[in-house]
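Just so you know, all these numbers are worked out from the coordinates, no wet-lab data involved. Just so it is clear, the structure is predicted and the values come from calculations on it, not from any experiment. Glycine also receives a Cβ, built like all others from the backbone with ideal geometry; neighbour counts cover every protein chain displayed.
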Amino acid sequence: MELNYSIDEADNLLFQRDYLVNGRSKVMAKRIRNFSLLVYCIIVIVNLIVAAVIREQKIFLIVAIIIAIELIFWTILLLTKKVGQVVWFLGKRKIKKTVHEYYAEKSLVGNGEPVKMILSETEVQVINNQVETRIAWGVVPQIVFLDDVICIYTSEMTAQLIAVKHFSTETFTELDKYLHDIAEKFGIKLIKNSK
């Protein structure tokens, strides 16, 4: 199957948001966990300093209650896997700026330029103006279907993006079935319409 399309900033940002919010890799999950532990430590240290400086039992009790509420809040975020959304919320302006700069400088492979992807029974071949890449299906850990983009992960941290907004309904249906068959054949984790 041969696909022709281009990846724009919005497509790349969909991937970046999904990657952060859903912790698609063990590395990202570890970073999010470490971020949460850092927040825990900051909360406790700042509130203990405030309590030590004030030295009134009533205020110390209020500070202890604030610490407890903040720790419960972050624990709930961790348990419900919502920390990634907080990380995205806090960092999205910087991420958008960085992606925009990469596209303006043309320093990302395939940034807005035509991409040709050839999907065979054994590999994915991606060809654009800068590079030609081949990825065996056997090394693909997961395929993620987002609203306008399909992410074929080539490792825990990188993915080949397919901008499906350029395709007709028939082409998308054929691609969807093809990727389902490939995922089943190679034991690839398939995630649909992830938010």
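In segment 155-171, the residue that is surrounded by the fewest Cβ atoms within 10 Å (Cβ to Cβ) out of those that are among the polar types (S, T, N, Q) and closer than 20 Å to Glu9 by Cα is Thr158.
Here's the yes/no breakdown for (1) of a type in the set (Lys, Arg); (2) over 16 Å from Lys189 (Cα atoms); (3) in a loop (DSSP other than H, G, I, E, B):
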site: Lys116; (1), (2), (3): yes, yes, no
site: Glu121; (1), (2), (3): no, yes, yes
site: Val126; (1), (2), (3): no, yes, no
site: Gln130; (1), (2), (3): no, yes, yes
site: Thr133; (1), (2), (3): no, yes, no
site: Gly138; (1), (2), (3): no, no, no
site: Ile143; (1), (2), (3): no, no, no
site: Asp147; (1), (2), (3): no, yes, yes
site: Ile150; (1), (2), (3): no, no, no
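Of everything in segment 172-195 that is in contact (Cβ under 8 Å) with a residue 40 or more places away in the chain and of a type in the set (Val, Ile, Thr), the residue that is surrounded by the most Cβ atoms within 10 Å (Cβ to Cβ) is Ile182.
Summed over segment 66-97, the residues that are of a type in the set (Ser, Thr, Tyr) and in contact with a Gly (Cβ under 9 Å, 6 or more places away or on another chain) give a count of 0.
This table checks each residue for (1) within 17 Å of the chain's Cα centre (by Cα); (2) among the hydrophobic types (A, V, I, L, M, F, W, C).
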site	(1), (2)
Ile69	no, yes
Ile72	no, yes
Val86	yes, yes
Lys97	yes, no
Glu123	no, no
Asn128	no, no
Thr133	no, no
Glu156	yes, no
Ala159	yes, yes
